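These notes concern the structure reproduced below.
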Amino acid sequence: MKKVGIVEVTQSPGAESSLSLMEFTYKTVKELLDKVGMRRDEVDTYVMASSDVLHSGMSCANSFDIDATGGFLKPFSRTEGDAITAFVYGCMRIMSGNYDTALIVGLIKGSENADNDTITSCFADPFYSRPTGINETTAAAMQMRLYLQRYGITEEQCAKVVVKNLGNALFNPYTHIKKRVSVEDVLGSERICDPLKAMECAPKSDGVCAMLLASEEKAKELTDKPVWFKGWGASMDTFYLGDRDLLDTPLKSAAASAYKMAGISNPRKAIDMAEICEPYAFQELLWCEQLGLCGQGEGGKLIDSGATQMNGSLPVNPSGGVLAMNPYVSRGLYRVAEAALQIKGKAGEHQIDKKVNTALAHATYGFCGQWQGVVILGS
Amino acid sequence: MGRAVGIIGTGQTKHGRRDDVSYPDLVREAVNAAFEDAGITPEDIDGVVFGSMPSMMEGMAYNHFYFADAMRAVGKPILRAETCGSTGQSIAHTGVHWVSSGMADIVLVVGSEKQHEGDAQATMMTILEPFLQLSAGGAPVAFSMQSREWMGYYHIAEEKAREAAAIISVDCHNAGANNPLAHIRKRFTKEEVMNAPIITYPVRLLDVCPSSDGACAVIFASEEKAKKICETPAWVKGMGFRGEEYFIGDSSKAVWQSAIEASREAYKQAGITNPRKELDVAEIYNPFSYQELMFLECLGLCPLGKAADYVIDGVFSPGGELSCDPSGGVLCTNPIGATGLIRLAEAAMQVTGKAGSRQIEGAKLALSHAMGGAEQFNGVTIVGSEL
């Protein structure tokens, strides 16, 4: 299989933006093109990710977005769903040999959307599930309850994830929530859906992430430090929550495929850092288990050990994660971008101390993580 | 191009008003038909691509979650691609790239729509942003304006354009009557088309596609697997996709660059220099009969500004130089998320001799096409019987 390299990444500022969606998108894309010194027509193909339901009230999102992404009259496509799929599709387009460079854009302006859960309630089928009032948060609360009960994980351990990630976010200029919090603050915040507390749930953010991918030869030409795409895996769970074991998720098989492709047999040893999608704090612990970064039911011990801290043996979400910045559609591409920056050594103030050779980026969406995707990057 | 990719199976539902099945059941009908056609089982599939129109159409957000089981996608990687009306072509291209990249050997691609459970035009109104363009909303308005732009640009007499569009409508409805899966299966005369009620001038009722329930599934495989599994794969010879600027006034819709460039890329990959002569079948996305005239020009099947003359001369009618939409086209069947993929499935069936009552004798090379967005996107896939 052909190699694909990440040449460069850019992210929009974390704060809510007063720019129009088109200008908001354009700025980040233009910054990327300027950084690599290319014009939009010199890029071979474009893949963008945006959502029709999380898109400022406009359907067929790519119709509106195409101007600002620079992809008009160029080979173009768009994935709907998490933007990590746009990254993977961009890699596929290069690996097929049809194109040498691909520009990937994930975009959303959460501040122009309804509350995320107004929209996630429409994931439920209209006949059986939706009348119960289910949405991503209520589904996550059930998953958390089960997690606490089955493995004896404590609410303090879950709260520690918030403390860690918001603490990391203070060093990342591209995050939305800037706030130092304590375990007591988290536990004392409003119980919005027991046992989930308000501070354990991700915000709703504005975020554009753009990335230039290139074939091996072209990547070496465009940057002296390409980050290589090493593997990916994805998996889908069955639809109805009652048919699933919420603590035994498709993330296991997604990770297994990604590790296999990347030639990783022992992820705990091989992975130097991980960017994990944790819209609800406890999910960082659960996903670490499912990714094989710790044993089953040992997510609580993992956070207690300090291993996942910025200076630990396996830093998780040095960027601050989704708890600090939740541009719903593009958040998966943010994970890949942050992992790439860590490998490049260009993460700035939140650069971790040790050398990063292999990094993991994870994305998920749907009730209790119905869809799961994992990308492995390497130096 | 990377690894060669072949189509080893296609499946479609009976299209139309399908109150008899739930939406997941509708999807499953197409998926099962594709597995039956390919002679493989869901266990053989490495990955799944799904696409439909925006969630607002049927009131389900990210409906691939809902269809995970119906698509037999549980435990498998699934990608969702979407480009409005051209979704069917975009999901096919995603599937082809997936196999071609070497990261999968067999990929199932599924497109669907169940339009009787929602309001398609209400959804399409929201493609246009709410400040400057909303008053031009809805597909008939935009496409009627485009028809007028085209007639004006080339000084085409209104009567001539009217007659040509009526011939396309008559041909497609005749073909639809001959296709057991088509939604509209009724023949009309040229006079009936020309005297049908006005929708938005100059477009009349019989110039417009229906709103259908339907799904389509296509299975792609690598060269090695395709040769092993299938006696007659349809080989993917070329693909192209282009989009234009968002605001309708920013680009010419009479000389439609996205269609011109998308087809050029596909022809180049397929090594086609004279498409009208080399192609045996063209499955053109024709939700409006007038639009097909523009597509015939912009897809390079006749000179620019001359489509009406060619159509009146019978060049694209049954028995003419190039058969267009022997399935009845979009004018007879339009479950939007599936429509572009149906074009490809029909093209694949033609080049593999599986098209039954609508088979064009000896077809070896076929074009499929779809259009979407605010008159913005055009996608083309060419398939052939030989690698």
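Which of the residues belonging to the range A:334-379 are part of a helix (DSSP H, G or I) and either within 14 Å of another protein chain (Cβ to nearest Cβ) or of a type in the set (D, E, K, R) (or both)?
At the first step, the residues of the range A:334-379 found to be part of a helix (DSSP H, G or I) are A:334-344, A:348-350.
Passing the criteria: A:Arg335, A:Glu338, A:Lys344, A:Glu349.
Residue-wise test of (1) free of Cβ contacts under 8 Å to residues at least 24 places away in the same chain; (2) farther than 22 Å from A:Ala198 by Cβ; (3) touching a Leu at 6+ places or on another chain (Cβ under 9 Å); (4) of a type outside the set (A, V, I, L, M, F, W, C).
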site: A:Asn266; (1), (2), (3), (4): yes, yes, no, yes
site: A:Asn311; (1), (2), (3), (4): no, yes, no, yes
site: A:Pro318; (1), (2), (3), (4): no, yes, no, yes
site: A:Val329; (1), (2), (3), (4): no, yes, yes, no
site: A:Thr358; (1), (2), (3), (4): no, yes, yes, yes
site: A:His362; (1), (2), (3), (4): no, yes, yes, yes
site: A:Phe367; (1), (2), (3), (4): no, no, yes, no
site: A:Trp371; (1), (2), (3), (4): no, yes, no, no
The range B:256-272 residues that are within 13 Å of chain A (Cβ to nearest Cβ) and in contact (Cβ under 8 Å) with a residue 12 or more places away in the chain, paired with ones that are among the hydroxyl-bearing types (Ser, Thr, Tyr) and assigned to a loop (DSSP other than H, G, I, E, B) (beta carbon under 7 Å, 6 or more apart): B:Gln257/B:Ser251
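Quick one: which residue in A:Arg268, A:Arg331 is within 26 Å of A:Gln11 (Cα to Cα) and not aliphatic (A, V, I, L, M)?
Exactly one of A:Arg268, A:Arg331 is within 26 Å of A:Gln11 (Cα to Cα) and not aliphatic (A, V, I, L, M), namely A:Arg331.
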Quick check: anything in the range A:266-282 modelled with pLDDT of 95 or more and over 27 Å from A:Gly306 (Cα atoms)? no
Go through the range A:271-298 and report how many residues are within 20 Å of A:Lys260 (Cβ to Cβ) and not in a loop (DSSP other than H, G, I, E, B). 5
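For the range A:206-215, does any single residue satisfy the condition of being among the hydroxyl-bearing types (Ser, Thr, Tyr), within 30 Å of A:Gly70 (Cβ to Cβ) and either in contact (Cβ under 8 Å) with a residue 60 or more places away in the chain or away from every other protein chain (no Cβ under 13 Å) (or both)? Steps first, please.
As a first pass, look at the range A:206-215 and keep what is among the hydroxyl-bearing types (Ser, Thr, Tyr): A:215.
Keeping just the survivors that are within 30 Å of A:Gly70 (Cβ to Cβ) gives A:215.
Those left that are additionally either in contact (Cβ under 8 Å) with a residue 60 or more places away in the chain or away from every other protein chain (no Cβ under 13 Å) (or both): A:215.
Looking for residues that are among the hydroxyl-bearing types (Ser, Thr, Tyr), within 30 Å of A:Gly70 (Cβ to Cβ) and either in contact (Cβ under 8 Å) with a residue 60 or more places away in the chain or away from every other protein chain (no Cβ under 13 Å) (or both), one finds at least one in the range A:206-215, hence yes.
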Please go through the range A:249-291 and give me each residue that is among the small types (Gly, Ala, Ser) and under 24 Å from A:Gln351 (Cα atoms), ordered by number. A:Ala262, A:Ala270, A:Ala274, A:Ala281
Tell me which residues, restricted to the range B:162-183, are surrounded by fewer than 23 Cβ atoms within 10 Å (Cβ to Cβ) and closer than 23 Å to B:Met294 by Cα. B:Arg162, B:Glu163, B:Ile167, B:Val170, B:Asn174
Residue ID - surrounded by the most Cβ atoms within 10 Å (Cβ to Cβ), chosen from residues in the range B:40-78 that are under 20 Å from B:Met124 (Cβ atoms) and either more than 8 Å from chain A (Cβ to nearest Cβ) or touching a His at 6+ places or on another chain (Cβ under 8 Å) (or both): B:Ser52
Among B:Ala345, B:Ala282, which is within 19 Å of B:Thr83 (Cα to Cα), in contact (Cβ under 8 Å) with a residue 60 or more places away in the chain, surrounded by 21 or more Cβ atoms within 10 Å (Cβ to Cβ) and not polar (S, T, N, Q)? B:Ala345
Suppose we filter the range A:77-111 for residues that are without any contact (Cβ under 8 Å) to a residue 40 or more places away in the chain and either surrounded by 24 or more Cβ atoms within 10 Å (Cβ to Cβ) or within 19 Å of A:Gly332 (Cβ to Cβ) (or both); how many remain? 5
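Based on this model, can you work out whether B:His15 counts as in contact with a His (Cβ under 6 Å, 6 or more places away or on another chain) and either on the phi > 0 side of the Ramachandran plot or surrounded by 24 or more Cβ atoms within 10 Å (Cβ to Cβ) (or both)? Talk me through it step by step, then tell me what you get.
Values: in contact with a His (Cβ under 6 Å, 6 or more places away or on another chain): yes; either on the phi > 0 side of the Ramachandran plot or surrounded by 24 or more Cβ atoms within 10 Å (Cβ to Cβ) (or both): yes.
Against the criterion (in contact with a His (Cβ under 6 Å, 6 or more places away or on another chain) and either on the phi > 0 side of the Ramachandran plot or surrounded by 24 or more Cβ atoms within 10 Å (Cβ to Cβ) (or both)), B:His15 qualifies.
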With respect to A:Leu32, is the statement that it is under 25 Å from A:His176 (Cβ atoms), in contact with a strand residue (DSSP E or B) (Cβ under 6 Å, 6 or more places away or on another chain) and assigned to a loop (DSSP other than H, G, I, E, B) true? no
Of (1) at the interface with chain B (Cβ under 7 Å from one of its Cβ atoms); (2) touching a Cys at 6+ places or on another chain (Cβ under 8 Å); (3) closer than 20 Å to A:Arg40 by Cβ, A:Ile66 satisfies all except one. Which? (2)
When the range B:130-143 is checked residue by residue, the ones that are touching a residue at least 60 places away in the same chain (Cβ under 8 Å) and not aliphatic (A, V, I, L, M) are B:Gln133, B:Pro140, B:Phe143
Looking only at the range B:203-251, filter to residues that are within 12 Å of chain A (Cβ to nearest Cβ) and part of a loop (DSSP other than H, G, I, E, B); which one of those is modelled with the highest pLDDT? B:Glu244
Going through (1) surrounded by fewer than 16 Cβ atoms within 10 Å (Cβ to Cβ); (2) not in a helix (DSSP H, G or I) one by one, A:His176 fails only at (1)
Report the residue count in the range A:224-251 for those that are part of a helix (DSSP H, G or I) and surrounded by fewer than 17 Cβ atoms within 10 Å (Cβ to Cβ). 2
Residue satisfying all of: in the range B:343-384; touching a strand residue (DSSP E or B) at 6+ places or on another chain (Cβ under 8 Å) and at pLDDT below 95; nearest to B:Val5 (Cα to Cα) among these: B:Gly372
Could you list, in sequence order, all residues of the range A:181-201 that are in contact with a strand residue (DSSP E or B) (Cβ under 7 Å, 6 or more places away or on another chain) and in a loop (DSSP other than H, G, I, E, B)? A:Ser189, A:Glu190
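Could you grab me the full set of residues in the range A:1-29 that are part of a strand (DSSP E or B) and out of contact with any Phe, Trp or Tyr (no Cβ under 6 Å at 6 or more places or on another chain)?
Going residue by residue through the range A:1-29, those that are part of a strand (DSSP E or B) are A:4-11.
Correct list: A:Ile6, A:Val7, A:Glu8, A:Val9, A:Thr10.
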Among the residues of the range A:71-107, which ones are part of a helix (DSSP H, G or I), more than 8 Å from every other protein chain (Cβ to nearest Cβ) and within 16 Å of the chain's Cα centre (by Cα)? A:Ile84, A:Ala86, A:Phe87
Go through the range A:31-47 and give me each residue that's among the aliphatic types (A, V, I, L, M) and more than 10 Å from chain B (Cβ to nearest Cβ). A:Leu32, A:Leu33, A:Val36, A:Met38, A:Val43
For the range B:79-129, how many residues meet the condition of being within 8 Å of another protein chain (Cβ to nearest Cβ), surrounded by fewer than 24 Cβ atoms within 10 Å (Cβ to Cβ) and among the hydrophobic types (A, V, I, L, M, F, W, C)? 1
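Within the range B:107-114, does at least one residue satisfy the condition of being farther than 15 Å from B:Val48 by Cα and touching a residue at least 24 places away in the same chain (Cβ under 8 Å)?
As a first pass, look at the range B:107-114 and keep what is farther than 15 Å from B:Val48 by Cα: B:113-114.
Next, only the ones that are touching a residue at least 24 places away in the same chain (Cβ under 8 Å) stay: B:113-114.
Yes, the range B:107-114 contains at least one residue that is farther than 15 Å from B:Val48 by Cα and touching a residue at least 24 places away in the same chain (Cβ under 8 Å).
The values are calculated or read from the model by the stated rules, or taken from the named source; none is laboratory data. Because the structure is a prediction, the values reported are computed rather than measured. Positions of Cβ are generated from backbone atoms using ideal geometry, with glycine treated the same way; all protein chains shown enter the neighbour counts.
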